[in-house]
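I have placed the structure first, in the form of structure tokens, so that the comments after it can refer back to it.
The values are calculated or read from the model by the stated rules, or taken from the named source; none is laboratory data. Note that the structure is a prediction, hence the values are computed from the model and not measured. Here Cβ is always computed from backbone atoms with ideal geometry, including for glycine, and neighbour counts include all displayed protein chains.
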Amino acid sequence: MKRLKHSKPVKQHQRHRAFFILRAAALGCCGLMSAFLLMSGYESVFSRSLPLVHTLAGVNLDAFNKVYSLPKAAQYPSGYYGNFGKPETLKLPTRSLRLNIAPAIQQGPTWLARANTLHLLIPQPPRDGNIGVTFLYCRAGFRTLNDQNLPNAGDNLFIDTDTSWRYVFKVLNAKLYPESQPYVPADSGSTSKLLIDCNDAGQHVNVIIEATLLSVQGVIQ
């Protein structure tokens with residue numbers, strides 16, 4: 001059988017073509033990754049949500065709109081935190097690590113949250129020198145709160161502030177609720193409250209924790 005004269009050039013052409021396609025695909029993937037990182041950085045720096053990125057994502061806080069007038073996201077004056085400083089971290093009884101507490105983020109009428117952060121709103125002024133109502137919202141998940149890592153009623157939660165004080169709260173309620181269902185906390189207006197609302201946009205539910213203040217302690221660094 002005679003060998004085709006052009007078989008070798010044909011194979012070389014196919015190899016070059018395959019190499020070109022692989023190189024183009026690799027460059028395309030790198031370009032997409034770079035674009036994603038740039039958009040993610042934009043979200044982080046400017047606190048604005050972009051499609052398909054989800055470094056920041058909207059959360060539904062309608063469950064509390066009828067109880068508290070949620071203030072617009074802003075830096076609060078120092079006196080609005082009470083006498084013991086600004087909340088910085090939350091410690092759950094089942095975890096060794098603490099969850100960071102960051103300022104709330106709002107884009108138009110939408111509240112935004114990072115994937116692994118609690119965001120702070122203070123809908124009530126101080127009570128007896130303590131922070132009035134500590135309202136923390138987040139996106140539900142294993143890095144924050146979901147139905148798998150809820151504390152139990154009676155557990156203690158700890159919030160440390162930037163002035164080395166610790167708020168100790170006792171959990172009154174920790175459950176899942178449909179995000180369309182209003183939640184009315186047991187708030188007499190005299191004792192400091194802690195409310196956490198982690199929204200699961202996919203399941204349309206809220207992971208809600210309600211707690212009341214037990215004590216304020218000094219933290220030894």
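Quick notes on this structure:
- In region 177-221, of all residues being hydroxyl-bearing (Ser, Thr, Tyr) and assigned to a strand (DSSP E or B), the one that is surrounded by the fewest Cβ atoms within 10 Å (Cβ to Cβ) corresponds to Ser215.
- Unmet requirement for Ser96, which otherwise passes all of (1) touching an Asp or Glu at 6+ places or on another chain (Cβ under 8 Å); (2) polar (S, T, N, Q); (3) over 18 Å from Cys198 (Cα atoms); (4) exposed (fewer than 15 other Cβ atoms within 10 Å of the Cβ): (1)
- Of the residues making up region 71-84, those that are in a loop (DSSP other than H, G, I, E, B) and either outside the structural domain of Arg143 (by TED's automatic domain parsing) or surrounded by fewer than 18 Cβ atoms within 10 Å (Cβ to Cβ) (or both) are Pro71, Lys72, Ala73, Ala74, Gln75, Tyr76, Pro77, Asn83.
- Remark: pairs (first residue in region 202-219, under 19 Å from Phe64 (Cα atoms); second residue charged (D, E, K, R) and in a loop (DSSP other than H, G, I, E, B); Cβ separation under 7 Å; 6+ apart in sequence or on different chains) = His204/Glu179; Val205/Glu179; Asn206/Glu179; Val207/Asp147.
- Pair list, Cβ < 8 Å and 6+ apart or interchain, from region 148-166 residues that are in the same structural domain as Leu194 (by TED's automatic domain parsing) and without any contact (Cβ under 8 Å) to a residue 40 or more places away in the chain to residues that are surrounded by fewer than 18 Cβ atoms within 10 Å (Cβ to Cβ) and of a type in the set (D, E, K, R): Gly154/Lys170
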